[in-house]
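Student: I'd like to ask you about the structure that follows.
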Amino acid sequence: MPFQDSFRIFVTALLRKMADPSSFATAAARVQHIHWNVKLDFDTKIIQGYVEHHVIFSDPENGPCEVVFDTKGLKISSVHLVEDGTPVTTLTYKVLAGNKKCDQLGEPLVVTFLKEQIKEDHVAIVRIEYETSPSSSAIQWLPPAQTAGKVHPYLFTQCQAIHARSMLPCQDTPSNKCTYSAVVIVPSPLVALMSALSTGSQDLEDGTIQYTFDQKVPVPSYLIALAVGALEKRDIGPRSAVWSEKEMVEAGAYEFAETEDFLQAGEEIAGPYVWGRYDILLLPPSFPYGGMENPMLTFVTPTLLAGDRSLVNVVAHEIAHSWFGNLATSKTWGHFWMNEGFTVFLERKILKKLRGSGCYNLAAMMGLKALEDSVNLFGMQHPFTCLCQDLSDCDPDDAFSSVPYEKGFNFLCYLQELVGGEELMNPFLKAHCEKYKYSVVESDGWKAFFLEYFQTKGVDKTKLDSIEWETWLNTPGMPHIAPTFDKTLINQAHNLAKDYVEANKKPAKEDFESFSGLTEQIIVFLESLQALQEFEGKSEEAKAKWRLLLDDINKAFGFNDSRNSEIRFRWCTLCIRAEEESIYKQTSAFLGEQGRMKFLRPLYRDLFKTEKGTPIALETFEKYKTGYHGIAQKMVAKDLGVHL
Ligand SMILES: [Zn+2]
């Protein structure tokens with residue numbers, strides 16, 4: 001590598017230390033607006049076109065006249081200075097080597113300007129012509145066979161955490177937010193949607209359709225999203241519609257009919273909804289996540305279609321991101337808890353308002369179990385079990401777990417109790433959104449804001465002084481102060497499970513009659529059974545006992561026939577662990593019907609662990625792997641020790 005290049009990397013690394021370790025972008029120049037103009041080719045799986053960045057330099061007189069973009073696997077063909085809407089002058093650029101310790105960070109693109117090319121207001125517009133790689137980690141191209149309609153192809157993107165750089169050159173850091181506009185050309189008759197306002201479409205002569213979009217609220221790069229397919233919509237509220245292939249659109253409209261209620265509950269607690277529309281895109285089954293909070297257009301998995309609106313807490317969660325994450329954004333991935341902890345906090349407040357405190361308590365306790373699982377998986381001392389995380393030289397996806405969500409939620413519950421309850425905490429959430437809207441937030445600055453706010457509200461200083469910030473934010477492991485949630489419904493579910501397992505009570509249909517009717521309580525019941533099964537060990541005798549018990553439970557409650565994905569997931573897990581062979585067929589079917597990693601990875605891992613299940617896991621993966629998202633394929637292959 002030439003000296004000049006290694007020197008550049010050294011300087012870049014120094015600057016990087018001041019900003020976001022997950023991005024090569026520096027503070028010398030910030031993007032204010034992105035214009036994206038591209039055409040999609042489903043045959044070659046390539047997005048080709050250009051991106052224009054409106055850049056503002058912090059000090060072009062004395063500082064470097066260069067701007068650093070993140071890229072990953074992109075083919076750059078030219079870089080121009082734009083004047084009066086036209087690319088006029090070629091700019092010097094270099095794609096440098098990335099971070100050897102973490103290739104997921106991609107390769108920095110450094111564009112150099114001459115001082116005189118930067119206007120007096122320190123602004124310049126740069127156009128980068130490029131194309132994506134067919135293996136771009138942000139983009140999933142689905143052939144018609146993997147869609148519900150089987151006729152047209154489909155595309156969707158997932159940029160969180162640092163995949164936007166594999167879709168377009170950008171400053172791929174949440175510390176910089178910008179507005180964006182886009183022109184996207186797709187084959188007819190496909191429909192394109194983005195995380196932005198759709199401003200029109202036009203049929204072109206070559207049989208393609210051009211769609212235009214505008215996002216006037218500044219967003220971080222990870223919230224740029226695109227979906228293209230044979231999409232239809234059904235209105236479900238004054239500012240909301242469900243989009244999906246026509247085969248699922250009615251089911252989606254029924255399932256998500258409470259969306260407007262969720263939005264209004266969110267507004268009452270956190271303040272005005274600034275985005276205008278709130279639509280939901282119901283994706284094909286291979287979408288690897290539960291939901292993604294793309295602004296104005298939440299992406300959700302069809303595994304939420306339970307038919308009884310029992311799994312829509314995911315929609316409440318994504319709606320809550322309209323304030324926490326999308327409006328007030330964590331400055332870096334190391335402060336991710338400020339997106340997710342706050343979002344879970346608001347999600348559960350919304351659910352409490354609409355479904356009652358029983359629902360809230362069950363969700364909080366289920367969250368606590370998920371937190372315990374994550375902490376046990378990482379290890380009690382692992383730095384990824386801290387709320388604030390140092391993500392230098394690593395892929396933020398590797399740190400992903402329920403820790404930022406649930407430890408963050410527990411911290412906020414603790415603070416809420418300390419300052420005097422919801423009546424005081426809810427107005428603070430509004431103040432938080434007001435202060436950090438359109439901007440970014442990090443833990444230390446927020447701590448000062450929190451203390452100042454509650455001091456002026458007259459909260460006792462000794463109380464505020466008693467908060468152990470360092471322990472909450474920077475110490476690994478479970479929260480050091482146990483939360484106090486009402487456990488009535490949890491205990492009821494847990495006791496019934498114990499009666500079956502320890503007191504040999506015969507399961508009967510009526511046993512659920514005294515339950516709350518909430519699906520969450522059934523889930524807690526199944527999780528209680530899992531804990532008891534784990535406790536009894538894996539001897540042949542224990543497994544035989546469990547097979548008989550599970551058969552009785554199924555006769556009473558019909559779990560084998562459940563269409564609720566959360567229940568199926570837990571029921572299959574119980575049966576797989578007991579090596580109940582009759583479950584293999586429907587487990588394989590479940591693994592073939594959808595590609596959500598929350599279900600795939602644990603089910604494959606559990607199947608693979610047992611002697612009889614191992615070949616089932618391998619055969620099932622071989623059969624369905626091409627239908628999974630690239631990230632899911634990679635992760636399951638890793639879990640099963642197979643090469644793709
Ligand atoms: Zn979230």
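Student: Tell me which of these E61 doesn't satisfy, since it passes every other one: (1) of a type in the set (D, E, K, R); (2) under 25 Å from W333 (Cα atoms); (3) at pLDDT below 95.
Tutor: (2)
Student: Output the number of residues of the range 555-580 satisfying the condition of being in a helix (DSSP H, G or I) and more than 22 Å from A617 (Cβ to Cβ).
Tutor: First, pick out the residues of the range 555-580 that are in a helix (DSSP H, G or I): 555-557, 559-561, 565-577.
Now narrow it down to the ones that are more than 22 Å from A617 (Cβ to Cβ): 555-557, 561.
The total comes to 4.
Student: Test E541 against the criterion of being more than 26 Å from F287 (Cβ to Cβ) and assigned to a loop (DSSP other than H, G, I, E, B), and give yes or no.
Tutor: Answer is no for this residue.
Student: While we're looking at this one, here's another question. Please list, ordered by first then second residue, the pairs with beta carbon atoms under 7 Å, 6 or more apart or interchain, first in the range 391-410 and outside the structural domain of K598 (by TED's automatic domain parsing), second assigned to a helix (DSSP H, G or I) and charged (D, E, K, R).
Tutor: P404/E340; Y405/E340; G408/E340
Student: State yes or no: is E318 outside the structural domain of V242 (by TED's automatic domain parsing) and within 16 Å of the chain's Cα centre (by Cα)?
Tutor: It is false that E318 is outside the structural domain of V242 (by TED's automatic domain parsing) and within 16 Å of the chain's Cα centre (by Cα).
Student: Return yes or no: is K369 over 16 Å from the mean Cα position of the chain (by Cα), more than 16 Å from the ligand (Cβ to nearest atom), surrounded by fewer than 24 Cβ atoms within 10 Å (Cβ to Cβ) and at pLDDT below 95?
Tutor: yes
Student: Of the residues that make up the range 137-148, is at least one touching a His at 6+ places or on another chain (Cβ under 7 Å) and under 18 Å from Q32 (Cα atoms)?
Tutor: no
Student: Looking at the range 257-280 only, could you name the residues that are among the hydrophobic types (A, V, I, L, M, F, W, C) and over 20 Å from the mean Cα position of the chain (by Cα)?
Tutor: A257, A265, I269, A270, V274
Student: Quick one: V183 ticks every box in (1) assigned to a strand (DSSP E or B); (2) within 16 Å of the ligand (Cβ to nearest atom) except a single one, so which number is it?
Tutor: Just one mismatch for V183, condition (2).
Student: Select from the range 282-298 the residues that are within 13 Å of the ligand (Cβ to nearest atom), surrounded by 24 or more Cβ atoms within 10 Å (Cβ to Cβ) and not in a loop (DSSP other than H, G, I, E, B) and list them in ascending order.
Tutor: M292, T298
Student: To continue, here is another question. So, in the range 467-497, of the ones that are aliphatic (A, V, I, L, M), touching a residue at least 60 places away in the same chain (Cβ under 8 Å) and assigned to a loop (DSSP other than H, G, I, E, B), which residue ends up nearest to T385 (Cα to Cα)?
Tutor: By that ranking, first place goes to M478.
Student: When the residues of the range 541-577 are filtered to those that are among the charged types (D, E, K, R) and surrounded by 20 or more Cβ atoms within 10 Å (Cβ to Cβ), which remaining residue is farthest from N313 (Cα to Cα)?
Tutor: R577
Student: Just give me the residues in the range 338-365 being more than 11 Å from the ligand (Cβ to nearest atom) and over 15 Å from F262 (Cα atoms), in sequence order.
Tutor: M338, S357, G358, N361, L362, A363, A364, M365
Student: With the condition kept exactly as written, say whether any residue in the range 312-333 is among the charged types (D, E, K, R), within 14 Å of the ligand (Cβ to nearest atom) and within 20 Å of E260 (Cα to Cα). Steps first, answer last, please.
Tutor: Just the residues of the range 312-333 that are among the charged types (D, E, K, R), to begin with: 318, 331.
Next, from what is left, pick out any that are within 14 Å of the ligand (Cβ to nearest atom): 318.
Next, from what is left, pick out any that are within 20 Å of E260 (Cα to Cα): 318.
Within the range 312-333, one or more residues are among the charged types (D, E, K, R), within 14 Å of the ligand (Cβ to nearest atom) and within 20 Å of E260 (Cα to Cα).
Student: Another question, then. For a quick check of your reading of the model, give me the residue pairs whose first member lies in the range 278-293 and is closer than 21 Å to K150 by Cβ and assigned by TED's automatic domain parsing to the domain that holds S198, whose second is of a type in the set (K, R) and within 16 Å of the ligand (Cβ to nearest atom), with beta-carbon atoms closer than 7 Å and at least 6 apart or on different chains.
Tutor: Here the result reads none, with nothing in the range 278-293 linked to a residue that is of a type in the set (K, R) and within 16 Å of the ligand (Cβ to nearest atom).
Student: Can I ask one more? When you look at P272, is it away from the ligand (no atom under 16 Å from the Cβ) and free of Cβ contacts under 8 Å to residues at least 12 places away in the same chain, yes or no?
Tutor: Yes, satisfied.
Student: For K352, which of the numbered conditions (1) in contact with a Leu (Cβ under 9 Å, 6 or more places away or on another chain); (2) surrounded by fewer than 22 Cβ atoms within 10 Å (Cβ to Cβ) fails to hold?
Tutor: The failed condition is (1).
Student: Also: Can you tell me which residue within the range 401-458, out of those that are outside any helix (DSSP H, G or I) and among the polar types (S, T, N, Q), is nearest to the ligand (Cβ to nearest atom)?
Tutor: This residue is S402.
Student: Got a sec? Which of I76, I162, I118 is touching a strand residue (DSSP E or B) at 6+ places or on another chain (Cβ under 6 Å) and over 20 Å from I56 (Cα atoms)?
Tutor: Step by step, each of I76, I162, I118 is checked, and only I76 is touching a strand residue (DSSP E or B) at 6+ places or on another chain (Cβ under 6 Å) and over 20 Å from I56 (Cα atoms).
Student: While we're here: For residues in the range 299-311 being of a type in the set (V, I, T) and in contact with a Ser or Thr (Cβ under 9 Å, 6 or more places away or on another chain), which is farthest from the ligand (Cβ to nearest atom)?
Tutor: Taking the range 299-311 as the starting set, the residues that turn out to be of a type in the set (V, I, T) are 300-301, 303.
Checking which are in contact with a Ser or Thr (Cβ under 9 Å, 6 or more places away or on another chain) leaves us with 301, 303.
On the way: T301: 13, T303: 16 Å.
That would be T303.
The values are calculated or read from the model by the stated rules, or taken from the named source; none is laboratory data. Owing to the predicted nature of the structure, the values given are computational and were not obtained by experimental measurement. We place every Cβ from the backbone using ideal geometry, glycine too, and count neighbours over all the protein chains shown.
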